[in-house]
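Trainee: Pasting a structure here, questions to come.
The values are calculated or read from the model by the stated rules, or taken from the named source; none is laboratory data. It should be emphasised that the depicted structure is a prediction, and the values quoted were computed from it without experimental measurement. Note that each Cβ is placed from the backbone with ideal geometry, even for glycine, and that neighbours are counted across all protein chains shown. SASA here: full protein model, heavy atoms, side chains in, ligands and nucleic acids out. Shrake-Rupley method; radii C 1.70, N 1.55, O 1.52, S 1.80 Å.
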Amino acid sequence: MSRLKADEEDYWHASKCKAFTFEDEDEDGLSQLKESKRAVNSLKAFVEEDDEEWEKFTWSGEPVGSISWSIQETSSSRGSESRNFVTDKSRPETSSSSYSFPRPASFSSLFRGRSRPDSFQSLSDAFLHTDVKYIAPELRKPKSEYQDYSGDWSIEESVRRMQRGKMCSMERFRSLKDKLLLLDEAVRLHDGNVITAVLIFLKRTLRSDILFRELKIRQVALRHFIHYLKETSEQQLLLELFRYLEWTEELALCKYREHLDIPGAEERRDFLKSKCLSLPFSSEDATHVQDHYTLLERQIIIEANDKHLEASGQEIFRKHPRKASLLFMPLVTTLYYCCIYHYPEAEGMFSSPANLRKTFKIPDKLYILTALAARAKLRLWMDVDALFTTKNWLGYTKKKAPVGFHRVVEILHKNGAPAQILQDYIRLVEDAETRISLATKYKCHDVVIDTYKDLKDRQQLMVYRCKVDRGSTEEEKIDSILSNMQIRWKN
């Protein structure tokens, strides 16, 4: 037994392969790498050569696997790595080391081909090609792709690249001439995104007075720049531009827009009075600004008064509670509000709808539609009738509306008007086809029957007879009309 054990130890100690240990002290790690490489190549000879004693030689005549060969291969591969590695700029740098793909270091490495794409000839290859599957596809890109990040593009090429959505730095265009040529080329291509991008670059790299001077003679770029400043709310620069251009009306409107940033109603009213009413607006804009100030002043008064009435429990506010404050509402909303809560008031009151109509010169059509919607919502049908009832100089009354009665019918139905009221207003629709359509839609059978009778259309009346209920009053009325011999029906 002891003899067998001794033979086994001799066998292992006599092996050509030296075991790798972590206890070897090596300053630069090259000796470990060389020993591992020799071990792997020696094992490869046993496995792939079917135990035949083949000896390989390099082009220099040195045996493959020898100490001199290993040192030469290691030094040449390390040198070629430092010369031939190309940093992949398309991948973000996550550490101090950069990923690269080595080229073959010598003829011997070319002849040592791999049997499979993912196999390695030696342990050093495994270390060097850790990330090969990620880097290799990048080498298939055309050479022009790598110039996207560092190419020295001309002005025309730079603008076209930006038009295609590719990366392009404008920082290298330092002279004023190049910057203006860049802007002119962007305008020539009629691409708003590129024009805006170039304008942002010019805004950052040029003084304001120089930029304004050049934009003044480039109206297309000027309009883009003004729109950009409005979208980004750069109010101060926009004011400076309008002062330079001497656009007094635009300057006044720009100053007027500042009131939107004031949260309080009274502070906003005071701002409009002290800062805006005296600005050089056009005649039309000056009227609007004056109306805005007057409306806001009215709203402040009405809001304070209605808060008091609501707190005291007035009936109209108790039946129909307010859902929002009146402050900062448009004119039509203010009129609708006053038609709900202050309709019967005299014209001398600020909250009277008639006062608002007169003060702000509200057109009849707009006033009638707003008042109709408000009074119909409260189901006050007498007020609705009063809106359309007029008297002639003989004292006769008739219903007249500045809007078509078909719109009146739609608003009444939307607010739940009774069938009799709908029927009365459908009869006021002048066009016969529209009247029949509305009467059929809202099931006002009498209006349909009377209209066909007036048109003397016997055929349509017989068709409509089939649509009403059997034994109903509508069917009896149709039968009575059809049996009347005094009516001369159309052929």
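Trainee: Restricting region 320-354 to residues that are farther than 20 Å from Tyr293 by Cβ and aliphatic (A, V, I, L, M), which is least open to solvent (accessible area, probe 1.4 Å)? Spell out the reasoning first.
Mentor: At the first step, the residues of region 320-354 found to be farther than 20 Å from Tyr293 by Cβ are 320-324, 336, 339-348, 353-354.
Going one step further and asking which of them are aliphatic (A, V, I, L, M), we end up with 324, 340, 346, 354.
Working: Ala324: 60, Ile340: 16, Ala346: 67, Ala354: 37 Å².
This residue is Ile340.
Trainee: Would you mind stating whether Glu266 is over 27 Å from Ile362 (Cα atoms) and charged (D, E, K, R)?
Mentor: Details: over 27 Å from Ile362 (Cα atoms): no; charged (D, E, K, R): yes.
For Glu266, the condition - over 27 Å from Ile362 (Cα atoms) and charged (D, E, K, R) - is not met.
Trainee: Kindly establish whether Met170 is assigned to a loop (DSSP other than H, G, I, E, B) and open to solvent by less than 60 Å² (accessible area, probe 1.4 Å).
Mentor: Details: assigned to a loop (DSSP other than H, G, I, E, B): yes; open to solvent by less than 60 Å² (accessible area, probe 1.4 Å): yes.
Yes.
Trainee: Do the conditions hold for Arg357, that is, is it among the basic types (Lys, Arg), open to solvent by less than 50 Å² (accessible area, probe 1.4 Å) and either assigned to a helix (DSSP H, G or I) or modelled with pLDDT of 95 or more (or both)?
Mentor: The answer is no for Arg357.
Trainee: Loosely packed, with under 13 Cβ neighbours inside 10 Å and assigned to a loop (DSSP other than H, G, I, E, B) - does that describe any residue in region 192-200?
Mentor: Among the residues of region 192-200, not one is loosely packed, with under 13 Cβ neighbours inside 10 Å and assigned to a loop (DSSP other than H, G, I, E, B), which makes the answer no.
Trainee: Select from region 463-491 the residues that are farther than 22 Å from Ile426 by Cα and in contact (Cβ under 8 Å) with a residue 12 or more places away in the chain and list them in ascending order.
Mentor: Asp479, Leu482, Ile487, Arg488, Trp489, Lys490
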